[in-house]
Every structure is written in C-alpha cells, then in structure tokens.
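For reference, the structure is listed below as structure tokens.
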Amino acid sequence: MRVYVPLTLPGLAEAHKTGELGTGPFTAYAVTPALREWYLSDDVEELEYAALTRAALASLRLLAADPGAPRRRVVVAVDVADGAATADPRPGPDPAALGEVRVAGGVALAKAAAVHVDAEDAAADVAAAADALEAADGGDDGAQSTVDGADDHELLWYATQEIVNLVGLGD
C-alpha cells in the first residue's frame with residue numbers, strides 16, 4: 001500500500017539521520033474507502049494525488065506548529081506492507097480525516113519511493129497559509145482562501161537520492 005507521510009524539512013533531515021519515518025504508530029495518508037467515496041473517482045492516479053494533497057495539508061499543519069521550520073511542505077511517498085496501515089475507524093465522515101491512516105510501526109526511509117517538496121518560490125505563500133490555518137479552521141473565509149493559495153503550488157518530485165541536498169547535507 002502506498003502511503004504519504006507529511007513532514008517538514010527538519011523532519012525529513014531527522015528521518016535521513018535515523019533512517020526511519022516514525023518509530024511507532026504515526027499518521028500518514030492513503031487511498032482509503034472514505035477518500036475514494038469523497039473523491040468520486042476510480043482513477044488510481046487521481047486518488048493517489050488526492051491522498052498526496054491531504055498529506056500536503058497535514059504538512060502545512062506541521063509547519064504551523066513549528067515556526068522555525070523552512071516554509072516548504074514535505075511529503076514522503078512510501079510503500080508499506082498490506083495491513084501495516086489502517087484507516088481511522090471513527091464512525092461518520094470527518095472531512096479533516098479523509099485519507100488518514102495509522103502506520104503501525106516504523107518504516108525505513110530506504111523504502112521511500114519519492115519525496116515531494118515545495119519549490120523555494122512557494123515559501124511566501126506557504127508561510128501565509130501556515131499563519132492563516134488557525135483562523136481558517138475557525139471558519140474565516142479569507143483565511144481559508146489564503147490556505148488554499150498554498151495549493152496553487154505543485155509539490156515537486158524528488159528521487160530519494162536527492163534527500164541529502166534537500167536537507168542541506170549535500171555538497
């Protein structure tokens with residue numbers, strides 16, 4: 001099963017240092033039955049993009065909680081064994097949890113398929129979105145528009161060999 005793990009650049013640096021994406025149960029995003037029903041598509045690529053987008057929003061939440069992190073969303077795509085990730089069993093559709101899964105244990109960073117990161121020119125819009133997130137959650141339409149502005153920037157695809165450069169450890 002492909003899961004999308006939301007991180008920040010410091011989180012990616014830590015994963016690179018330890019070789020692991022999380023050590024115990026951690027949250028990721030995937031194509032779940034609830035996401036499939038909400039998105040109303042059978043196209044696997046579209047559904048995976050929707051899960052990636054949900055993880056990007058979770059990365060934005062991590063940025064809002066860490067004002068010192070560079071303002072770039074980070075999502076790691078990794079394949080885990082079937083049964084290693086389970087969808088949230090809460091009853092009823094919770095829009096905030098669409099696509100959310102719990103990964104039971106640590107996952108080796110070496111198993112990552114790719115890393116998705118904002119380009120540097122997205123930093124101002126991502127910073128504004130992180131700052132507006134709390135107000136948007138409270139129902140402020142203007143703040144929600146600012147948060148949605150981060151989605152105007154596509155996350156770039158990077159091979160796992162490029163992680164050292166993304167986190168500033170390359171030459």
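If you take the residues of the stretch 155-170 that are surrounded by 14 or more Cβ atoms within 10 Å (Cβ to Cβ) and assigned to a loop (DSSP other than H, G, I, E, B), which of them is modelled with the highest pLDDT?
Per the stated criteria, the residue is L155.
In this structure, is T32 under 17 Å from V5 (Cα atoms), without any contact (Cβ under 8 Å) to a residue 40 or more places away in the chain and touching a strand residue (DSSP E or B) at 6+ places or on another chain (Cβ under 6 Å)?
Working: under 17 Å from V5 (Cα atoms): yes; without any contact (Cβ under 8 Å) to a residue 40 or more places away in the chain: no; touching a strand residue (DSSP E or B) at 6+ places or on another chain (Cβ under 6 Å): yes.
The answer is no for T32.
Being in a helix (DSSP H, G or I), polar (S, T, N, Q) and either at pLDDT 95 or above or surrounded by 16 or more Cβ atoms within 10 Å (Cβ to Cβ) (or both): is that true of Q144 here?
Numbers: in a helix (DSSP H, G or I): yes; polar (S, T, N, Q): yes; either at pLDDT 95 or above or surrounded by 16 or more Cβ atoms within 10 Å (Cβ to Cβ) (or both): yes.
Yes: the conditions hold for Q144.
Can you find a residue that is surrounded by 14 or more Cβ atoms within 10 Å (Cβ to Cβ), of a type outside the set (A, V, I, L, M, F, W, C), at pLDDT 90 or above and touching a helix residue (DSSP H, G or I) at 6+ places or on another chain (Cβ under 7 Å) anywhere in the stretch 73-80?
First, the residues of the stretch 73-80 that are surrounded by 14 or more Cβ atoms within 10 Å (Cβ to Cβ): 73-78, 80.
Now narrow it down to the ones that are of a type outside the set (A, V, I, L, M, F, W, C): 73.
If we keep only those that are at pLDDT 90 or above as well, we get 73.
Keeping just the survivors that are touching a helix residue (DSSP H, G or I) at 6+ places or on another chain (Cβ under 7 Å) gives 73.
Scanning the stretch 73-80 turns up at least one residue that is surrounded by 14 or more Cβ atoms within 10 Å (Cβ to Cβ), of a type outside the set (A, V, I, L, M, F, W, C), at pLDDT 90 or above and touching a helix residue (DSSP H, G or I) at 6+ places or on another chain (Cβ under 7 Å).
Filter the stretch 133-171 down to the residues that are in contact with a Ser or Thr (Cβ under 8 Å, 6 or more places away or on another chain) and either within 30 Å of K111 (Cβ to Cβ) or of a type in the set (F, W, Y) (or both) and list them by number. If you could, list the steps in order and put the result at the bottom.
Taking the stretch 133-171 first, the residues in contact with a Ser or Thr (Cβ under 8 Å, 6 or more places away or on another chain) are 136, 151.
The answer is D151, and nothing else.
Take A96 and tell me if it is assigned to a helix (DSSP H, G or I), surrounded by fewer than 19 Cβ atoms within 10 Å (Cβ to Cβ) and modelled with pLDDT under 90.
Working: assigned to a helix (DSSP H, G or I): yes; surrounded by fewer than 19 Cβ atoms within 10 Å (Cβ to Cβ): yes; modelled with pLDDT under 90: yes.
Against the criterion (assigned to a helix (DSSP H, G or I), surrounded by fewer than 19 Cβ atoms within 10 Å (Cβ to Cβ) and modelled with pLDDT under 90), A96 qualifies.
Within the stretch 2-61, take every residue that is among the small types (G, A, S) and at positive phi and give me the one that is surrounded by the fewest Cβ atoms within 10 Å (Cβ to Cβ). So that I can check it myself, show each step before the final result.
Filtering the stretch 2-61 down to residues among the small types (G, A, S) leaves 11, 13, 15, 19, 22, 24, 28, 30, 34, 41, 50-51, 55-56, 58-59.
Imposing the further condition that a residue be at positive phi reduces the set to 19, 22.
Details: G19: 10, G22: 18.
Filtering first and then ranking leaves G19.
So which of A123, A128, A136 ends up being more than 16 Å from R73 (Cα to Cα) and hydrophobic (A, V, I, L, M, F, W, C)?
On the way: A123 fails: more than 16 Å from R73 (Cα to Cα); A128 fails: more than 16 Å from R73 (Cα to Cα).
Step by step, each of A123, A128, A136 is checked, and only A136 is more than 16 Å from R73 (Cα to Cα) and hydrophobic (A, V, I, L, M, F, W, C).
Starting from the stretch 61-88, take each residue that is farther than 21 Å from A13 by Cα and list its partners that are of a type in the set (G, A, S) and assigned to a strand (DSSP E or B), counting only C-beta distances under 8 angstrom and pairs at least six apart or across chains.
A85/A28
The values are calculated or read from the model by the stated rules, or taken from the named source; none is laboratory data. What you are looking at is a predicted structure, and each value in this text was computed from that prediction instead of being measured. Heads up, the Cβs are rebuilt from the backbone with ideal geometry, glycines too, and the neighbour counts pull from every protein chain shown.
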